[in-house]
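Okay, structure first, notes after.
The values are calculated or read from the model by the stated rules, or taken from the named source; none is laboratory data. Quick caveat, the model's predicted, so the values are computed rather than measured. Using ideal geometry, Cβ is built from the backbone for each residue, glycine included, and neighbour counts are taken over all protein chains shown.
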Amino acid sequence: MNQEKKKALVIGAGIGGIAVSVRLALKGFEVEVFEANAYAGGKLSEFWLEGYRYDAGPSLFTLPENVEEIFLLAGRKPSDYFRYQALDPVTKYFWDDGTRLYAHAQKEKFADEVAQKLGEKKDTILKFLAESKIKNDLVGELFLKRSLHKSSTFLNRKALKAILKIHKLDAFRTMHQANFATFEKPKTVQIFNRYATYNGSSPYLAPATLNIIPDLEFGKGAYLPEGGLFSITKSLLQLGEELGVKYHFGSPVTQILLENNAKNKNRIKGIKVGEKTIAAEVVVSNMDIVQTYRKLLPHFPAPEALLEQPKSSSALIFYWNMNKKFPELDVHNIFFSNDYEKEFREIFKNKTIIDDPTVYIFISSKKIPTDAPAEGENWFVMINVPHNDGSQDWDTLIAKARENILQKLEKNMIEAVRPHLIAERILDPRSIEARTSSFGGALYGNSSNNRYAAFLRHANFSQTVQNLYFCGGSVHPGGGIPLVLSSAKIVADLVN
């Protein structure tokens, strides 16, 4: 006689929710996923604008093994579902004084480029990248793939070895202090300070521990999936469906239901979708942790100290259909601000946008020709901005930022940009919050703007409700595709 499967319900079909649904199905659970939007992926979604395709959110892809691992766990061949190509160069950098620099994927080639273009010593670059790898090796397994909120994480030989070397993580200097002390040239400092933005933080506030991030690109490589970043979502969704996971779109969850057991402890009862009650033994929220408590557990005591931590930055994105190709641009392009410190001060202290923001342009059609007509390009143009705290006049800020961005690009480009811009869509912190439930549109939940930030993220499980779990960018270990996939693995390992 077959034993009835336990039921697990997942709230949200972001990439974390999809990944955890697959992992739980592989553990023998009957899994259903409920998503408020009519589409999958959350931030990792796509759309078409008058014949041009866009990845709506994340654009840089590292650690593809985190995706492949899920297919291998299911006994599938990853390349049957998901393929990608390595990028070299990873990024092209522009400064207003005419300096141009390619960030090549190979460390030696990159160090040569920096030495030639910026005058930085090659050995300094290579030593920095070697130290980045040491930091990443120390924290990768211990802090990013296991729960920080379980004593078992720290009670083993590998953890003890890492703890004894924890001084190497450089947590007591800011990223900028460490980089300023390491490099001679301001532009080199600026390049490596930029990695703080990978989790929505400021290099002038975040700990130098974040200097592990360059190792993801220069040690592990950067990639572009065939079909764009959305193919990650699409491939895992397909796998989930093959494993029997049921996905319900246009189905917003309205409440997480609890009950008391014999020991007077709260435990999961199920969820409400509209007025319908669905019972389950396990619930996983892929929804932003603040919104999970405020909207789905409104009468349950929330961990206010964690929820009220300073939030990460958000983004202002212009999706621009261009009717011309620009050969001087690559897949990933950065046009640096002339006052980087002021840019971050305006974002995190004054909650506004500098007049000379750093501009990022992602053009997937450089490698995926079908993403734009033959004569055109799909420009994903982004600047870092504060999360929406209710004080900003976003319409005015957006109009001003748009003009400043165009002026900066036309100052740097060989030819005019405006005459070739034929269609536009805009995503700002308000619409990010509306579409993804990210509190205030903060892309990564809490910022990492203090040395204890890693320990001030919510755990992947509830310490007060049995069988309630959390995954996604707003909880441990953080935001970005690799860490969100890690959060899904951590949750699946905790559930039994």
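Each row is one residue, and each column tells you yes or no for (1) closer than 23 Å to S438 by Cα; (2) outside any strand (DSSP E or B); (3) basic (K, R).
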{"site": "K5", "(1), (2), (3)": "no, yes, yes"}
{"site": "E32", "(1), (2), (3)": "yes, no, no"}
{"site": "K43", "(1), (2), (3)": "yes, yes, yes"}
{"site": "E69", "(1), (2), (3)": "no, yes, no"}
{"site": "L72", "(1), (2), (3)": "no, yes, no"}
{"site": "S79", "(1), (2), (3)": "no, yes, no"}
{"site": "F82", "(1), (2), (3)": "no, yes, no"}
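List pairs: first residue in the stretch 473-496 and at positive phi, second residue part of a helix (DSSP H, G or I) anywhere in the structure, Cβ distance under 7 angstrom, at least six positions apart or on different chains.
Every condition considered, the pairs that remain are G478/N199; G480/Y198; G480/N199.
Out of I278, I363, I354, I317, report the one residue that is within 14 Å of I383 (Cβ to Cβ) and in contact with a strand residue (DSSP E or B) (Cβ under 6 Å, 6 or more places away or on another chain).
Numbers: I278 fails: within 14 Å of I383 (Cβ to Cβ); I363 fails: within 14 Å of I383 (Cβ to Cβ); I354 fails: in contact with a strand residue (DSSP E or B) (Cβ under 6 Å, 6 or more places away or on another chain).
Result of the check over I278, I363, I354, I317: I317.
Output the number of residues of the stretch 469-496 satisfying the condition of being assigned to a helix (DSSP H, G or I) and of a type in the set (G, A, S).
From the stretch 469-496, those assigned to a helix (DSSP H, G or I) are 481-494; that's our starting set.
So of that shortlist, the ones also of a type in the set (G, A, S) come out as 486-488, 492.
Going through the stretch 469-496 one residue at a time, the tally reaches 4.
When W95 is evaluated against the numbered criteria (1) at pLDDT 80 or above; (2) surrounded by fewer than 17 Cβ atoms within 10 Å (Cβ to Cβ); (3) of a type outside the set (D, E, K, R), which criterion, by number, is the only one it fails?
Only one criterion in (1) at pLDDT 80 or above; (2) surrounded by fewer than 17 Cβ atoms within 10 Å (Cβ to Cβ); (3) of a type outside the set (D, E, K, R) is unmet by W95, namely (2).
From the list N156, N136, pick out the single residue that is modelled with pLDDT under 95, surrounded by fewer than 17 Cβ atoms within 10 Å (Cβ to Cβ) and among the polar types (S, T, N, Q).
Working: N136 fails: surrounded by fewer than 17 Cβ atoms within 10 Å (Cβ to Cβ).
Testing whether each residue is modelled with pLDDT under 95, surrounded by fewer than 17 Cβ atoms within 10 Å (Cβ to Cβ) and among the polar types (S, T, N, Q) leaves just N156.
Name the one entry in K325, K342, K351 that is over 22 Å from the mean Cα position of the chain (by Cα), over 20 Å from A103 (Cα atoms) and assigned to a loop (DSSP other than H, G, I, E, B). Talk me through it step by step, then tell me what you get.
Numbers: K342 fails: assigned to a loop (DSSP other than H, G, I, E, B); K351 fails: over 22 Å from the mean Cα position of the chain (by Cα).
Just a single option satisfies the conditions, and that option is K325.
Applying the selection to the stretch 410-433, what residues are among the hydrophobic types (A, V, I, L, M, F, W, C) and modelled with pLDDT of 95 or more? Don't jump to the end; show me each part of the working.
We begin by selecting, within the stretch 410-433, every residue among the hydrophobic types (A, V, I, L, M, F, W, C); these are 413-414, 416-417, 421-423, 426-427, 432.
Residues satisfying the conditions are V417, L421, I422, A423, I426, L427, I432.
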